[in-house]
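Scroll down for the structure; my scribbles are underneath it.
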Amino acid sequence: MLVKFSKASDVKPSEITSKTLYMNRRRFLKTAAVAGAGAAFGTIAAPVFAAKGNPRVKFSGVQKSKWTQEALGEELTDYGPITEYNNFYEFGAAKTDPAEYSQDFKTRPWSLTIDGAVEKPGVYDLEDFLKPHQLEERVYRMRCVEAWSMVIPWVGIPLGDIIKRVGLKSDAKYVAFETLLDPEQMRGQKRPVLKWPYKEGLRIDEAMNPLTIMAVGLYGEVMPNQNGAPFRLVVPWKYGFKGIKSIVRMTFQPDMPPTSWNVASPREYGFYSNVNPSVNHPRWSQAKERRIGDFLKRPTLMFNGYEEEVAGMYAGMDLGKLY
Ligand code: MTE
C-alpha cells in the first residue's frame, strides 16, 4: 500500500518457496510438540483459538457451504504463500513481517465490544460469543489492490448472523470495525505508519450480504496470527484492505465511518473499494492481476467475479466517483 509499496512483479516465487519450506519446518516442529503433549493428531476437538503463537490446530465439524472450490472452479492457493505473504502493518510493512513478528501475539481470551445502534450491546468474550454459531468453509477469490490475488478456503460465519443476533436498530446504516491497539504486542504501532488503531467500515447492506463473513480460520484450521487471528472480516468483492484483522470493536451507526486507508490517502483508497477493472488506482491499472503462483497475469473480474451476488447493491451509483 502506501508504505514500502511492492509491485506485483516484486513477488518472487522463489522467495515464497524458500520461506515456505522454512516456515513449514518450524510449524511441523510446533505441531509435533502439540501432538506429543497428548492431543490427537489431525482433527482436534479444538478450542476456537490457538492459545499462543501459531501451532496448526484443526477445527472439528466445519460445514461445507455452497462456496466450494468445485463451484469456484479454480485452484486453491497453497497454505505457504497465504500465511507468509501478508499485509498486517501492526507487525511491520514488509510482506514477511507479519509471519515473523506475530507469533507471540496473544489471541485468547479476546473481548469483542459491540455497541452503537443495536438491541444487545455489550463486551463479549469472543469464544463464548461464537459458540452457538456453526463454522462454515467458504472458498473465495481474494484480490489485493496491489494487483495480486489468491484463492483462500476460509473458515467463518456470516456477519449477517451475528448482526441478527445483536439486533439492529433502525438508525444503523453502517458498521465501523476497529483492530486492537496494543503497541507492546504490535511493534508496528510504535510508528505512525497509519493512524492507529486500524479502522474499516461497511454499509449495512454490504455487511448483511450473504458473502460477507467473519473468519476465524483457513484451510480448516485456526486462523494464523498473521492472517488476522482470532477474528477478521472477509469481503470477497472488495480489495483486500477492507478485510480488517484482529477486530476488537464493531459499532453500528448512522454515519459513514472513517477507514484507515481512506484517511491516509483519500485519492487512492475510497470507502467502497469494490474490485473494479475499469477504475484504475491513480498510480497503476486494475485491469489485470497476478494470481500468486502463476506466471502470467489474468484479467480482473468486475466485483472480483461476484457481480451476480452484489451488483444490485450499487445500482445507480457512479462507481468511478464512489470508488
Ligand atoms: N488489518 C489490519 N488490522 N492491519 C492491516 O495492515 N492490511 C489489510 C487487510 N487488513 C491490514 C488489515 C490489507 S492491505 C490487506 S491486502 C489484507 O488485510 C491482507 O490480508 P492477508 O494478509 O490475510 O492476505
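The values are calculated or read from the model by the stated rules, or taken from the named source; none is laboratory data. Just so we're clear, the structure is a prediction, and the values are computed from it rather than from any experiment. Virtual Cβ from ideal backbone geometry, glycine too; neighbours counted across all protein chains shown. Each accessible area value is taken on the protein alone, full model and side chains, heavy atoms only, with ligands, DNA and RNA left out. Shrake-Rupley method; radii C 1.70, N 1.55, O 1.52, S 1.80 Å.
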Over the stretch 80-98, the set of residues touching a helix residue (DSSP H, G or I) at 6+ places or on another chain (Cβ under 6 Å), within 9 Å of the ligand (Cβ to nearest atom) and small (Gly, Ala, Ser) is none
Q.
When you check residue 241 against the structure, is it of a type outside the set (A, V, I, L, M), touching a residue at least 24 places away in the same chain (Cβ under 8 Å), within 20 Å of residue 140 (Cα to Cα) and not in a strand (DSSP E or B), yes or no?
A. yes
Taking the stretch 191-225 and keeping residues more than 15 Å from the chain's Cα centre (by Cα) and within 24 Å of residue 263 (Cα to Cα) leaves 191, 192, 193, 194, 195, 196, 197, 203, 204, 205, 206
**Message:** Going residue by residue through the stretch 273-291, is there one that turns out to be of a type outside the set (Asp, Glu), under 28 Å from residue 55 (Cα atoms), within 14 Å of the ligand (Cβ to nearest atom) and modelled with pLDDT of 95 or more?
**Reply:** yes
Apart from one, (1) open to solvent by 60 Å² or more (accessible area, probe 1.4 Å); (2) within 15 Å of the ligand (Cβ to nearest atom) all hold for residue 304; the odd one out is (1)
Taking the stretch 191-222 and keeping residues in contact with a Pro (Cβ under 8 Å, 6 or more places away or on another chain), open to solvent by 40 Å² or more (accessible area, probe 1.4 Å) and not in a loop (DSSP other than H, G, I, E, B) leaves 199
Tell me whether the stretch 231-245 contains one or more residues that are on the phi > 0 side of the Ramachandran plot, within 14 Å of the ligand (Cβ to nearest atom), of a type outside the set (Lys, Arg) and touching an Asp or Glu at 6+ places or on another chain (Cβ under 9 Å). no
Just checking, does the stretch 247-254 include any residue being farther than 18 Å from residue 161 by Cβ, open to solvent by 20 Å² or more (accessible area, probe 1.4 Å) and charged (D, E, K, R)?
yes
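May I ask you to verify whether residue 267 is within 22 Å of residue 200 (Cβ to Cβ) and not small (Gly, Ala, Ser)? Let's see the steps before the verdict.
On the way: within 22 Å of residue 200 (Cβ to Cβ): yes; not small (Gly, Ala, Ser): yes.
Answer is yes for this residue.
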For the stretch 100-114 the number of residues that are more than 14 Å from the ligand (Cβ to nearest atom) and open to solvent by 30 Å² or more (accessible area, probe 1.4 Å) is 6
Over the stretch 269-293, the set of residues farther than 15 Å from residue 87 by Cβ, in a loop (DSSP other than H, G, I, E, B) and in contact with a Pro (Cβ under 8 Å, 6 or more places away or on another chain) is 277, 286, 287, 293
In the stretch 148-190, anything under 28 Å from residue 277 (Cα atoms), open to solvent by 10 Å² or more (accessible area, probe 1.4 Å) and over 16 Å from the mean Cα position of the chain (by Cα) is listed as 173, 174
Scanning the stretch 148-190 for residues that are within 11 Å of the ligand (Cβ to nearest atom) and in a loop (DSSP other than H, G, I, E, B), the one farthest from residue 75 (Cα to Cα) turns out to be 181
Check the stretch 87-99 and report whether any residue there is open to solvent by 20 Å² or more (accessible area, probe 1.4 Å) and free of Cβ contacts under 8 Å to residues at least 60 places away in the same chain. no
